[in-house]
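A.B. asks: Before we start, here is the structure in question, set down as structure tokens.
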Amino acid sequence: MQNYNTMKITPSEYKILIVDDVTSNVLLLKVLLTNEKFNVITASSGKQALELVENDRPDLVLLDVMMPEMNGFEVAQILKQKTETSEIPIIFLTALNGTTDVVKGFQVGGNDFISKPFNKEELIIRITHQISLVAAKRIILAQTEELQKTIIGRDKLYSVIAHDLRSPVGSIKMVLNMLILNLPSSKIGEEMYELLTMANQTTEDVFSLLDNLLKWTKSQIGRMKVVYQDFDIVEVAQGVIEIFSMVAAAKKISIKLETPEKLIVHGDIDMVKTVVRNLLSNAIKFSNQKSEILVVVTDKEEFSVLSVKDYGCGIDSEGQKKLLHTDTHFSTFGTNNEEGSGLGLLLCKDFAQKNSGDLWFESEKGKGSTFSFSIPLKK
């Protein structure tokens, strides 16, 4: 953005209120500022100034300090106390030069001081400086509003895409699952069966991605609430492992579970299932053929910690820096060239934190990774 000191402003777009009980001062300031093409309104008392600010909303107030009935400091205090006028900058016009008066002026919300009798060039520079700050603030507000609209629009688009595609992709997934079960390689040949298996896996991955995208978007726009309940995290882990046993078997991967018989936690069971599913899916994706995945559930102080350890390709140090950050898109490929978008892990971290826990990982290139998340134990 352009620096406010060099920012070009159009004076006619800004309104300045001059407040002084001495008519000659008002007229002089009005002539000077009108010559600079500013819009000018004037008031001869503090009370009148407050009325004009209320009705005309000036962009800047030049406020004399020494006025009868209500002095400039009192006017400033009233303006700064009201939300709708608190942001209007105030330049005090004063013959007072004492440190106490200057401090008082800043304490009541003044933005600058101009001493009487004032120098014309100094006056214009100080006024232009404050107006430039106002202009810069307007640009920032406008850009922020535009950015918020863009983000809302993007999130709605993501939600619509994920929601509308999820149903037809789910149907294709079911059809492919049925075909694989009913058309063994002995019937259709090895090559066709391999193509069918590949199509089935791709559809599973797309469905999972859409599901994650839909949940991520709902979470970001505040439409996904945490529903707390007490449940057995060991049972959840066993259920997810059972679902993924066929996928793991396709790569000849064994999943081993180390856990106590029962461990009751307090959180959202659907969110926790999503986290475990994503971590286990990733572990299978990045594990080598005929290897092992270890799922460990432990309790540490007030939390249960579930870890998924694989002995696969691991992540290098550069990749580790990019992982779990929304501002870096990080795609990696599994041991069978399965693509990972990184969205699932962002969703996992978000869900873990929404359940008063966290998610972290350790990884070494060529040796494997361990992803862990915590969730509070039942109190």
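A.B. asks: Do the alpha carbons of any pairs in Lys273/Lys300; Lys218/Lys262; Lys37/Lys149; Lys251/Lys365; Lys218/Lys321; Lys262/Lys379 sit beyond 23 Å of each other, and which pairs? Walk me through the numbers before you get to the answer.
C.D. replies: On the way: Lys273/Lys300 20 Å; Lys218/Lys262 32 Å; Lys37/Lys149 34 Å; Lys251/Lys365 20 Å; Lys218/Lys321 26 Å; Lys262/Lys379 15 Å.
As for pairs spanning more than 23 Å Cα to Cα, those are Lys218/Lys262; Lys37/Lys149; Lys218/Lys321.
A.B. asks: Percent antiparallel among DSSP beta bridges with both residues in region 235-305, to the nearest 5?
C.D. replies: Here the share of antiparallel DSSP bridges comes out near 40 percent.
A.B. asks: Still on this model: Working out 0.36 nm times the residue gap between Gln143 and Val102, then minus their Cα-Cα distance, what length gain in nm do you get to one decimal? Show your work: numbers first, answer last.
C.D. replies: Details: separation 41, 0.36 × 41 = 14.76 nm, distance 3.50 nm.
Stretched out fully, the Gln143 to Val102 stretch lengthens by 11.3 nm.
A.B. asks: Can you give the FRET efficiency to the nearest 0.05 for Lys225 and Ile152, using r as the Cβ-Cβ distance and R₀ = 22 Å? Please list the in-between numbers first.
C.D. replies: On the way: r = 19 Å, r/R0 = 0.86.
Computed FRET efficiency for Lys225 and Ile152: 0.70.
A.B. asks: With each pseudo-label sitting 7 Å past Cα toward Cβ, what's the Glu235-Asp316 distance in nm, one decimal?
C.D. replies: 4.5
A.B. asks: Turning to a different aspect of this structure: Per DSSP helix of 4 or more residues, -39500 (n - 2.57); summed, then divided by the residues of the chain. What does that give at 222 nm, rounded to the nearest 500? Kindly include the intermediate steps, with their values, before the conclusion.
C.D. replies: On the way: 11 runs with 194 residues, N = 379.
So the helix-based figure for the chain works out to -17500 deg cm²/dmol.
A.B. asks: Okay, next question. Charges on Cβ only, +1 for Lys and Arg, -1 for Asp and Glu, centred on the Cα centroid of region 195-305; of Asn282, Gln201, Ala248, which one is farthest towards the dipole's positive end?
C.D. replies: Gln201
A.B. asks: Based on the Cβ-Cβ distance of Asp358 and Asp56, what FRET efficiency does E = 1/(1 + (r/R0)^6) give at R0 = 56 Å, to the nearest 0.05? Before the final figure, lay out the partial values.
C.D. replies: Details: r = 53 Å, r/R0 = 0.94.
The pair Asp358/Asp56 has a calculated efficiency of 0.60.
A.B. asks: Sticking with this one: Rounded to the nearest 20 Debye, what is the dipole magnitude of region 11-118 about its Cα centre when Lys and Arg each give +1 and Asp and Glu each give -1 at the C-beta? Could you put the intermediate results ahead of the total?
C.D. replies: Numbers: 9 positive and 15 negative charges, 25 e Å.
That gives region 11-118 a dipole magnitude of about 120 debye.
A.B. asks: List the trypsin sites (Lys or Arg not before Pro) in region 202-250 that DSSP assigns to loop (not H, G, I, E or B) and whose Cβ has at most 14 other Cβ atoms within 10 Å. Which are they? Numbers along the way, then the final one.
C.D. replies: Numbers: sites: Lys215, Lys218, Arg223, Lys225; in loops: Arg223, Lys225.
Answer by residue number: Arg223, Lys225.
A.B. asks: Pick the calculated mean projected area of the Cα convex hull in nm² for this structure from (i) 28.3; (ii) 17.8; (iii) 22.2?
C.D. replies: The calculated read-out lines up with (i).
A.B. asks: Angle check, please: helix 190-220 long axis (alpha carbons) against the longest principal axis of the chain (alpha carbons), in degrees 0 to 90, nearest 10.
C.D. replies: Long axis of 190-220 versus the principal axis of the chain: about 30 degrees.
A.B. asks: Please give the FRET efficiency for Ser44 paired with Thr10, using the beta carbon to beta carbon distance and R0 = 35 Å, rounded to the nearest 0.05.
C.D. replies: Working: r = 29 Å, r/R0 = 0.81.
Working from the Cβ atoms, E equals 0.75.
A.B. asks: Positive end of the charge dipole of region 27-143 (Lys, Arg +1 and Asp, Glu -1 on Cβ, about the Cα centre): tell me which of Val40, Asn71, Thr94 has its Cα farthest that way.
C.D. replies: Result: Val40, furthest along the dipole toward the positive end.
Where a number appears in this text, it was derived from the coordinates with a stated rule and is not lab data. For clarity, every value in this text was computed on a predicted model and none was experimentally measured. Cβ sites come from the backbone with ideal geometry, for glycine too, and all protein chains shown count toward neighbours.
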